[in-house]
1. Going by amide H atoms built from the backbone, whose H comes under 5 Å of the H on Ser476, apart from near neighbours?
2. Residue by residue through segment 263-279, what is 3J(HN,Hα) from phi via Karplus (6.51 cos²θ - 1.76 cosθ + 1.60, θ = phi - 60°)? Round to whole Hz and write x for glycine and proline.
3. Nearest 500 deg cm²/dmol is fine: what mean residue ellipticity at 222 nm does the chain get from its DSSP H runs of n ≥ 4 alone, each adding -39,500 (n - 2.57), divided by its residue count?
4. Just want the ordering: Arg47, Arg83, Arg492, Arg172, from fewest to most Cβ atoms lying within 10 Å of their own Cβ.
5. For Arg181, which sequence-distant residues (separation of 5 or more, or a different chain) have an amide H within less than 5 Å of its own amide H, given hydrogens modelled in the peptide plane?
6. Mind jotting down the distance between the C-alpha centroids of segment 1-33 and segment 441-503, whole Å?
7. Using R₀ = 41 Å, calculate the FRET efficiency as 1/(1 + (r/R₀)^6) where r is the Cβ-Cβ separation of Asp61 and Arg282; round to 0.05.
8. At a Förster distance of 30 Å, what's the computed FRET efficiency of Glu183 paired with Lys264, Cβ-Cβ distance as r, to 0.05?
Amino acid sequence: RSNAEKFEFQAEVSRLMDIIINSLYSNKDIFLREIISNASDALDKIRFLSLVDKEVLGEGDTAKLEIQIKLDKEKKILSIRDRGIGMTKEDLIKNLGTIAKSGTSAFVEKMQTSGDLNLIGQFGVGFYSVYLVADYVEVISKHNDDKQYVWESKADGAFAISEDTWNEPLGRGTEIKLHLREEAGEYLEESKLKDLVKKYSEFINFPIHLWASKEVDVEVTSDEDETSDEETSKSSTSEEGEDEDTEKSEDEETEKKPKTKKAKETTYEWELLNDVKAIWLRSPKDVTDEEYTKFYQSLVKEFGDEKPMSWTHFTAEGDVEFKAVLFVPPKAPHDLYESYYNTNKANLKLYVRRVFISDEFDELLPKYLSFLKGLVDSDTLPLNVSREMLQQHSSLKTIKKKLIRKALDMIRKIAEEDPDESSDKDKTEVDTSSDDDEKKGQYTKFWNEFGKSIKLGIVEDATNRNRLAKLLRFESTKSDGKLTSLDQYISRMKPGQKDIFYITGTNKEQLEKSPFLERLKKKNYEVIFFTDPVDEYLMQYLMDYEDKKFQNVSKEGLKLERDSKTKELKETFKELTKWWKGALASENVDDVKISNRLDNTPCVVVTSKFGWSANMERIMQSQTL
Ligand code: ADP
Ligand code: MG
């Protein structure tokens with residue numbers, strides 16, 4: 001084309017395309033999901049802009065927010081068109097070729113080892129998956145701010161952009177024309193496309209239409225005088241029908257009625273492929289577990305066999321109305337805590353009255369719950385304001401508060417439904433339903449993945465501290481190598497025991513040998529082992545639980561039951577302790593006291609009540625957090 005401008009793909013993008021083209025990956029279907037997902041994003045964008053300015057939508061068909069799929073069997077072209085925001089010439093150059101996204105090289109690297117191409121969408125390079133099935137791709141696009149352009153590439157390291165003077169004007173939006181490879185002929189079958197949309201794009205909130213063929217029975221009415229038998233029978237496809245009709249017409253002839261002939265004809269019409277009723281608008285009792293799982297996968301663009309650990313779906317009513325679905329993912333992302341203090345990762349999508357607003361809105365959940373995925377659809381927030389203004393909106397606080405409550409309830413339920421969690425005495429009460437197996441050990445799994453988040457929550461969220469403390473798990477001198485909870489600890493407390501005892505250190509094995517435990521063990525008191533560096537911080541915030549104080553057994557103030565001997569001993573050794581205190585310089589110790597915390601060990605150095613524990617000193621020195 002005379003007006004075409006040539007560009008080279010950015011190097012990483014070029015490598016990515018080579019990998020895709022030469023891939024032996026068998027599940028090529030994923031390209032359609034990626035293209036539809038981009039179309040849906042583009043539609044979300046124009047709808048969002050239209051909140052402020054309705055004009056951007058245009059008129060007539062251009063204003064219809066939809067996706068259309070068309071097949072051309074002869075030319076072997078599959079086209080997917082949307083009436084989304086479209087791309088300007090500059091957008092086409094940048095988005096489809098010259099600017100590599102941060103995920104590009106990560107994806108390339110992954111593919112070189114044992115990566116799964118299925119995850120391409122998560123790396124932000126889903127578009128290029130079209131080259132799994134096509135060897136030549138045209139992207140026709142019209143943005144409100146620019147003319148219509150065509151981007152085209154045969155994935156040979158270069159692409160071309162031309163002003164579009166030959167295609168039909170799109171009005172607004174994008175049409176992707178895939179010139180399918182020889183072996184990708186199956187994507188010209190309507191049934192295949194219908195199946196794929198059902199399978200992968202169920203949760204797209206815009207109508208997806210297929211230009212589908214339909215065999216229809218047509219009745220060809222003919223008036224004896226005007227139409228001859230010969231002519232009518234030509235359009236019939238069924239010979240038997242023809243015979244019948246002929247017979248009939250012979251009978252009817254005498255009665256001078258107009259005769260009708262049945263015929264088959266292929267017509268085309270737009271067929272709606274998806275059910276656009278959003279899952280969160282449906283009643284939770286009508287949504288199956290499988291649907292929630294698939295919805296989760298579509299949210300996180302993770303299309304494997306990953307099942308969410310748990311979910312909650314609810315409607316909040318009252319002054320602030322909203323619907324929400326929250327999921328606990330099966331695994332923590334590898335960088336969840338790495339970047340904890342630097343980034344605010346938003347994982348909830350925000351909708352206002354069905355309109356997608358943002359997935360970068362981090363005011364919906366506190367940081368410590370940022371591992372949750374899901375969506376909030378608010379009826380109360382105003383539609384036509386900017387994201388910045390939403391941030392200030394008063395109902396946001398209420399939404400956040402309710403989301404936290406529901407999230408914590410959901411997590412508590414994982415524990416309640418886990419047969420491993422119930423102590424022996426309640427075991428008989430737990431019904432042994434068929435999904436027990438699936439729930440078994442779930443809370444331990446949750447704790448191993450996200451336990452640190454719960455601890456950080458205790459530090460950060462004073463309002464919900466007690467609720468979060470209920471979710472804490474740890475090992476103790478009596479937990480027998482398993483995890484136990486504060487409630488379980490309390491149920492095992494000795495009569496007369498006032499405080500909850502704990503000890504902090506690097507690992508259980510070392511703590512078990514600690515002289516601080518000698519007497520407590522001998523007297524059969526249970527002591528919690530806190531071995532995570534974050535536990536030291538945690539215990540600075542968690543002062544008490546269910547009216548019981550926490551007592552670090554390596555700190556001053558440890559009180560076991562009253563012991564009349566202690567007073568006597570104090571008196572007997574008064575002179576010795578006095579001498580000792582004098583002998584040790586005051587910058588080394590605060591005090592020397594008679595203690596009842598030891599059994600075999602003659603003496604021990606303890607930390608003062610408000611000082612750092614020895615473990616904390618160690619942490620501060622190594623700066624592990
Ligand atoms: P991602 O969707 O994760 O951003 P993709 O590789 O799928 O990554 O798409 C790259 C970019 O190309 C998108 O971010 C978007 O800017 C642009 N794009 C792709 N398809 C369309 C479309 N149908 N309409 C408008 N822009 C699009
Ligand atoms: Mg995409």
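1. Residues meeting the amide H criterion: Gly481, Phe529.
2. Ordered by residue, 3J(HN,Hα) equals 8, 9, 9, 9, 10, 10, 7, 6, 10, 6, 9, 10, 9, 7, 6, 4, 4 Hz.
3. On the way: 20 runs with 204 residues, N = 625.
My calculation for the chain gives -9500 deg cm²/dmol from helical runs alone.
4. Numbers: Arg47 20, Arg83 27, Arg492 16, Arg172 23.
Sorted ascending by nearby Cβ count, the order is Arg492, Arg47, Arg172, Arg83.
5. Long-range HN contacts for Arg181: Ala134, Asp135.
6. First find each Cα centre; the distance between them is then 51 Å.
7. Details: r = 29 Å, r/R0 = 0.72.
Efficiency for this residue pair is about 0.90.
8. On the way: r = 32 Å, r/R0 = 1.06.
Plugging the Cβ-Cβ distance into 1/(1 + (r/R0)^6) gives 0.40.
Throughout, read-outs are computed from the coordinates displayed, never taken from laboratory work. No experiment lies behind these values; they were computed from the predicted model shown. In this analysis, Cβ positions are derived from the backbone assuming ideal geometry, glycine residues included, and neighbour counts consider all displayed protein chains.
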